[in-house]
1. From Cα pairs below 8 angstrom and at least 6 apart in sequence, can you work out the relative contact order of the chain, rounded to a whole percent?
2. I'd like the FRET efficiency for residue 59 and residue 245, computed as 1/(1 + (r/R0)^6) with the beta carbon distance as r and R0 of 45 Å, rounded to 0.05.
3. What order, most packed first, do the peptides 198-207, 122-131 have when packing is the mean number of other Cβ atoms within 10 Å of each residue?
4. Quote to one decimal, in nm, the extra length available between residue 157 and residue 32 on full extension: 0.36 nm per residue of separation minus the C-alpha distance between them.
5. Between residue 143 and residue 73, what is the label-point separation in nm under the 7 Å Cα-to-beta-carbon projection?
6. Determine, from the Cβ-Cβ distance of residue 199 and residue 90 and an R0 of 41 Å, the FRET efficiency 1/(1 + (r/R0)^6), rounded to the nearest 0.05.
7. Given 20 °C and 1.002 mPa s, how large is the Stokes-Einstein diffusion coefficient of region 34-121 in µm²/s, with Rh as the Kirkwood radius over Cα pairs?
8. Efficiency by 1/(1 + (r/R0)^6): what FRET value for residue 221 and residue 178, r their Cβ-Cβ distance, R0 = 41 Å, to the nearest 0.05?
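Every read-out reported here was derived from the displayed coordinates using simple, explicitly stated rules and does not represent laboratory data. From a predicted model like this one, the values you see are computed outputs, not experimental measurements. Cβ sites come from the backbone with ideal geometry, for glycine too, and all protein chains shown count toward neighbours.
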Ligand SMILES: Nc1ncnc2c1ncn2[C@@H]1O[C@H](COP(=O)(O)OP(=O)(O)OP(=O)(O)O)[C@@H](O)[C@H]1O
Ligand SMILES: [Mg+2]
């Protein structure tokens, strides 16, 4: 199982949207060879969970896994033929003090995923926009780190900050995690700031920043309301087109 965190400390930059839509394309591809994809919602906002499933405040969640109440296998929910989800819940609002007093507090998620290694070919983790122990758990459990960015002012500085954050984590835990892939998940080609940030990201991160930018597209905002990916909701939209091209580019880079 190849585990990938979708991470950015900046809120609202398209982490959840890109995870859902790249995850859907990945699942379609994996279905051809019998592969399965596991999605994990590691954010108390539960946007990933609520973009896929109807509201249910009673279901077990990642909170139960992180607090040792349930094994990961016990909280998994099927969401498509070869896609499963470990949902989040509002209980995650209370996770941080619990994690901070736990033994091995940064490695809980990685340990919990060990029994699932052979069951899935990929696992995608939706991180919250915070530098929390939960986010550190997601990063330590991941082989790859993907950074979705909105091409607004500070986008480049934001990615440099993430590099510093990862180097702090590396020092603390004796690791060598790095950013593997950066892509523009919300981009407006007609906006000068967006254009400049796109060029600057290309210059600053030549091997990591993807050429394909996902243009602003209202269908991407609407699709979660119907609990659908963009490919189910509006396959002819620019959002679907851009995510198809982005997927291809990441695939060619060898990361999917
Ligand atoms: N390409 C796009 N065009 C227009 N709107 C978009 C696009 N991508 C995402 N959005 C919208 O922008 C908002 C933020 O996106 P999303 O929730 O994916 O970001 P996030 O990084 O997961 O946010 P958070 O940090 O709160 O978890 C949402 O309303 C989403 O529908
Ligand atoms: Mg999100």
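1. Reported relative contact order: 25 percent.
2. 0.80
3. Result, highest mean first: 122-131, 198-207.
4. 41.0 nm
5. Distance between label points: 2.2 nm.
6. That gives a FRET efficiency of 0.50.
7. Rounded to a whole number, D works out at 160 µm²/s.
8. Result of the calculation: an efficiency of 0.85.
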